[in-house]
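Okay, so here's the structure we're looking at.
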Amino acid sequence: MKSLRSPLAAALFAALALGLGACSDSSDPSGGTSNTLSQVQANDISSDMAQDMDELAELSMFDASNGIPLSSQAAIQGAPPAPCVTITPTPVVNSDGDAVPDSARFTYDACVFTRGNGAMTDSLGGTIDFIDPLPLAASIGVRHVFTNFTRARINTVMPARSFMAVHNGTREWGGNADTLGHTITGFETAWTHPSGRTTTNEKNWVAKFTAATPGTISLLTPLPAGSITVNGTGNWSTMNRTWAVLVTTVTPLAYDPACTVAPRFTAGEITLAVSRNGELTNVDIVFTACGQFTVTRTPGAPI
């Protein structure tokens, strides 16, 4: 896991660990030696994948003031303190005059959202560089470079929904008013789960979003209802062990922007073929409602 540069992230990490009674990965029933994924690990990898897929939708827009759509989060979570985002350089350069500058760095510092009379706290920290892939031609598209960009949630009412995620790497999306394509290469997310277990998800994905109503995708507004497919490869690590992962969309994920609980998919199915040292575990993730999915783990034949 990469180091956390943000003091806010470090404080939230400590609060998450202490508030949720963190335990070490050695509590895993697999005993730390099996190459086959345990049920606990299958649940963790499914949670990581579901949240990562949800973020594909959430970050598929550009906000000139905040980079990512803090306004939509504020509508759900309460307004953030101001200011909590710094943009450099100033003024930004925008050669083609579209919404995305040629290159601008957004630094998030103490962006904190609270709701439920303080029962839930969400926060952002770190930096994202927003780069126009076509700086001389107006277009719909953004290249993101994440550097220790940290998202944390502490939920004292439902601790199982707490987490911390630290993102590092580059990803790009673009398209038109009907569809968007995502390319994610070597992008790493380090997760801290409510139990205290830590996992790392490194992914090489190709994803596609299709609007339910053609012509409704805009660079400057959150995604409309639609469907998402995700396919690709990657590596998932915990307890100093790493598994190779093949991600396949069986049924496109139905994205509902009206959902207030992530992952915001009401239907769809993803399968994971997870392998290590010739041992295979199949994990089937079926999304059933806003924020809800089932996980089925099946040991596979040796490969």
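The values are calculated or read from the model by the stated rules, or taken from the named source; none is laboratory data. Just so it is clear, the structure is predicted and the values come from calculations on it, not from any experiment. Cβ coordinates were reconstructed from backbone atoms using ideal geometry, including for glycine residues, and neighbour counts include every protein chain displayed.
A search for C-beta distances below 7 Å between a residue of the stretch 209-231 that is within 16 Å of Cys259 (Cα to Cα) and without any contact (Cβ under 8 Å) to a residue 12 or more places away in the chain and any residue that is crowded, with 17+ Cβ neighbours inside 10 Å and not charged (D, E, K, R), counting only pairs 6+ apart in sequence or on different chains, returns nothing.
When the residues of the stretch 56-93 are narrowed to those that are hydrophobic (A, V, I, L, M, F, W, C) and in a strand (DSSP E or B), which ends up modelled with the lowest pLDDT?
First, pick out the residues of the stretch 56-93 that are hydrophobic (A, V, I, L, M, F, W, C): 56-57, 59, 61-62, 64, 68, 70, 74-76, 79, 82, 84-85, 87, 92-93.
Among the residues that remain, those that are also in a strand (DSSP E or B) are: 85, 87.
Values: Val85: 89, Ile87: 92.
The extreme case among them is Val85.
Is it true that His167 is crowded, with 19+ Cβ neighbours inside 10 Å, closer than 28 Å to Ile154 by Cα and touching a residue at least 12 places away in the same chain (Cβ under 8 Å)? When the stated conditions are applied, His167 passes them.
Please state which one of Ala110, Ala99 is of a type in the set (Gly, Ala, Ser), within 30 Å of Gly196 (Cα to Cα) and in contact (Cβ under 8 Å) with a residue 12 or more places away in the chain.
It is Ala110.
The set of residues in the stretch 268-303 that are in contact with a Cys (Cβ under 9 Å, 6 or more places away or on another chain) and either within 14 Å of Asp48 (Cα to Cα) or in a strand (DSSP E or B) (or both) comprises Ala289, Gly291. There is at least one residue in the stretch 277-287 that is touching a residue at least 40 places away in the same chain (Cβ under 8 Å), more than 16 Å from Leu37 (Cβ to Cβ) and over 16 Å from the mean Cα position of the chain (by Cα). Being out of contact with any strand residue (DSSP E or B) (no Cβ under 8 Å at 6 or more places or on another chain) and within 16 Å of Gln292 (Cα to Cα) is true of Ala262.
Put simply, of Phe187, Phe149 the only residue that is surrounded by fewer than 21 Cβ atoms within 10 Å (Cβ to Cβ) and assigned to a strand (DSSP E or B) is Phe187. From the set of residues in the stretch 212-223 that are at pLDDT 95 or above and either surrounded by 20 or more Cβ atoms within 10 Å (Cβ to Cβ) or not β-branched (Val, Ile, Thr) (or both), which is farthest from Ser46 (Cα to Cα)? Ranking the qualifying residues of the stretch 212-223, first place goes to Gly215.
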